[in-house]
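Here the structure is laid out as structure tokens; the discussion comes afterwards.
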């Protein structure tokens, strides 16, 4: 896959939001996605309780369904956890691992994120590995050091465009309404690309790198035009079909 052939991906992370009536909003996303077919891949990552229902609802629409986290083991005495195999069985195509909220609130390490990415592959899922710096790290001029460490520690060997997506989400921009400048995003994404290629070979040129962190209708076009930005991991704006589809429509 040449660099120019990386099809954009816009994925919605619903986090801990959504009940059964949310199927109505998902149906609106499905209805509005027809005009984007072949131009951008769409994915919704609902809470685990909705994965099977959304997967069945999605049918042959082309919209992929993802999980938001998985355990590193396939089964066992891990009360409250869910394995990659369980997500796959419920109809998921992918799973987010290493989101900053997991790294921060649950103290997940790079090694644990790496183990979860391997588990995703074992279960037949695409691993969407999140990386990003905190405000303190950014102010200390450590952004690239942090990204390099997270890439080195969180990505398993065997990376391909078919099994991995990387999402750069500066922690300080998630849910705050703040976004880095286009120049800052370009620097980060170029560094991420180079680091993946350095450690995983030419396959790294084909891996999609998403931007996340307060992506919304008003800034999507500018952010998605940045070199090496291959789409977006959208948080709050993905809960409304109009906003989510509007972001994806920058690729129309």
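All of the numbers you see were taken from the coordinates with simple rules; none came from a lab. Everything quoted here is computed from the prediction, not taken from an experiment. Glycine also receives a Cβ, built like all others from the backbone with ideal geometry; neighbour counts cover every protein chain displayed.
Just a few scattered comments:
- Shown for 60, 179: other C-beta atoms within 10 Å of each C-beta, ranked fewest to most, produce the order 60, 179.
- The stretch 1-140: translational diffusion in µm²/s, Stokes-Einstein, Kirkwood Rh over Cα pairs, 25 °C, 0.890 mPa s: 153
- Candidates 85, 108, 139, ranked by Gaussian network fluctuation over the chain, Cα under 10 Å, top entry: 139
- Measuring r between the beta carbons of residue 61 and residue 140 and using R0 = 51 Å, the FRET efficiency lands at 0.70.
- Highest-fluctuation residue, 160, 143, 79 considered, GNM on the chain with Cα pairs under 10 Å: 79
- Among 162, 188, 48, the residue with the largest mean-square fluctuation in a Gaussian network model of the chain, with springs joining Cα atoms closer than 10 Å, is 162.
- Cα-Cα P(r), the stretch 57-138, percent of pairs per 5 Å interval: 3, 16, 25, 22, 16, 9, 6, 3, 0
- Peptide ranges 62-72, 213-223 listed from the most packed, as the mean C-beta count within 10 angstrom indicates: 62-72, 213-223
- Short-range pairs are left out: with C-alpha atoms under 8 Å and at least six residues apart, the relative contact order of the chain is 22 percent.
- Counting neighbouring beta carbons within 10 Å and listing from fewest to most, the residues 39, 107, 88 come out as 107, 39, 88.
- Distance-filtered residues of the stretch 129-146 - backbone nitrogen under 18 Å, label point 7 angstrom along residue 184 Cα→Cβ: 131-146
- Each residue of the chain gets 114 Å³ once the volume of the Cα convex hull is shared out per residue.
- Rounded if a/c under 1.5, otherwise prolate or oblate - the stretch 160-252, Cα gyration tensor axes: prolate
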